[in-house]
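Notes to accompany the following structure.
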Amino acid sequence: MQISDLKEKNILLLSGGWSAEREISLKSGKAVESAFIKNQLTFTHLDLRKPEGAGEISEDFDIAFIALHGRGGEDGFIQEILESKRISYTGSNSLACKTSLNKIEAKKIWRDLLLPTPDFVEIINVGKADMKLTPHLSAEDDITALEKTFVVKPANEGSSYGISIVKPGEGNLEDAMLEASKYDSSILIEAFVPGRELTVSILGEEVFHPIHISPAGEFYDFDSKYSDMGTEYIKADLSPDKLDEIKNYAMHAFKSLGCEHWGRVDFIEDENGNFQIIEVNTVPGLTQTSLFPKAASYAGLSFDDVIMKVMQLSCK
């Protein structure tokens, strides 16, 4: 589909939402809106403030651009609504989104496929009488097998909300669990992997060159992502073989969850040069500091090029 064909479409742009990432989603929506205006597309920009509003979306739209991050936008909710109304939309389908946002379910799939991902323990119903702990470890089935340092995070949340790093003698596991449980009743306790953070963006069948994220703090938290805190984004220095390896892992991890069209896969490269898959993002941020547009620029694509390509892929 050509851009001229998109001009014939009645487009719905969705941003805002009700998740912890609402403010970031609004910024992404504004950026996409600007690209639509530059390309003379006909669209309606809707700030979806509550779940009930999704049911009121008109069936007259041809396609929706989803710029909703976190719950509501990446958990399959809005995708299911649009599917019921037979409106095409950008990005992965409802089941793939649901699986990807749930870090525990995604890691189970990767573990079954022998894709590298850190050892982990899942805990459901945190703080309740029926709380259940299930180890997913390659060694002994004991939380101590997570060794000295581990990461505690909500199972279903994005933008590093509710994440804590707990070290021996520093911090408290129970406090970290309670912090994560503010965002989700299921939490993930994951082995901490020392190394550098890398992210790989995917657009259609193209896998962009990885970005090395060098955060100002200990890890790439919310402040590092969305404010000028001294975080550096560097075109990753990798040998041709390692570059092929991480790109293959990224596409395999992405497609194994049923994802398509566009997204981002986050990694840690450990101190021995081995890659560990951390998570998949089905609706990456589209702000001025977001990683996806940066990665696309390495391939010579402007922000507007990226938005139009996402639209074209989704209209096939």
For this session: Give a residue-ordered list of calculated ³J(HN,Hα) values for the stretch 65-71 (Karplus: 6.51 cos²θ - 1.76 cosθ + 1.60, θ = phi - 60°; whole Hz; x for Gly, Pro).
Result: 9, 8, 10, 8, 9, x, 4
Exercise. If amide H atoms are built 1.01 Å from N in the plane of the peptide, which residues on other chains or at least 5 residues away come under 5 Å of the amide H of residue 119?
Worked result: 191
Problem set entry | For the stretch 12-18, 3J(HN,Hα) per residue [Karplus equation, 6.51 cos²θ - 1.76 cosθ + 1.60, θ = phi - 60°, Hz, x = Gly/Pro] | 10, 9, 10, 8, x, x, 10
For this session: Jot down the radius of gyration and Dmax of the stretch 267-316, Cα atoms only, both in angstrom.
Result: 13.9, 42
For this session: May I ask you to order 96-106, 42-52, 111-121 by the average number of other C-beta atoms within 10 Å around their residues, highest value first?
Result: 96-106, 111-121, 42-52
Problem set entry | the stretch 3-90: relative contact order as a whole-number percent, Cα under 8 Å and 6+ apart | 38 percent
For this session: Beta carbons within 10 angstrom, averaged per residue: use that to sort the peptides 71-80, 166-175, highest first.
Result: 71-80, 166-175
Exercise. What ³J(HN,Hα) values, in whole Hz, does the Karplus curve 6.51 cos²θ - 1.76 cosθ + 1.60 give for the stretch 101-111 when θ = phi - 60°, with x put for Gly and Pro?
Worked result: 5, 7, 4, 5, 5, 4, 5, 4, 5, 5, 4
Exercise. Using modelled amide H (1.01 Å from N, peptide plane; none on Pro or chain starts), what sits under 5 Å from the amide H of residue 88, excluding residues fewer than 5 places away?
Worked result: 64
Seminar exercise, completed: Within the chain, the percent of DSSP beta bridges that are antiparallel, given to the nearest 5, stands at 80 percent
For this session: Pairs of Cα atoms under 8 Å, at least six residues apart: use those to get the relative contact order of the chain, whole percent.
Result: 19 percent
For this session: List the aspartates and glutamates whose Cα lies under 15 Å from the Cα of residue 107, skipping any in the same chain that are fewer than 8 positions away.
Result: 119, 122, 157, 190, 266, 279
Exercise. Which label marks the calculated value of Rg and Dmax of the Cα atoms in Å, given the options (1) 18.8, 54; (2) 20.2, 62; (3) 19.3, 62?
Worked result: (3)
For this session: Give the peptides 301-307, 10-16 in descending order of average Cβ contacts within 10 Å, highest first.
Result: 10-16, 301-307
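Readers should treat all values here as calculations from the given coordinates under stated rules, not as data from a laboratory. Note that the structure is predicted; figures quoted are calculated from it, not measured. FYI the Cβ positions are ideal-geometry reconstructions off the backbone, even for glycines, and counts take in every protein chain you see.
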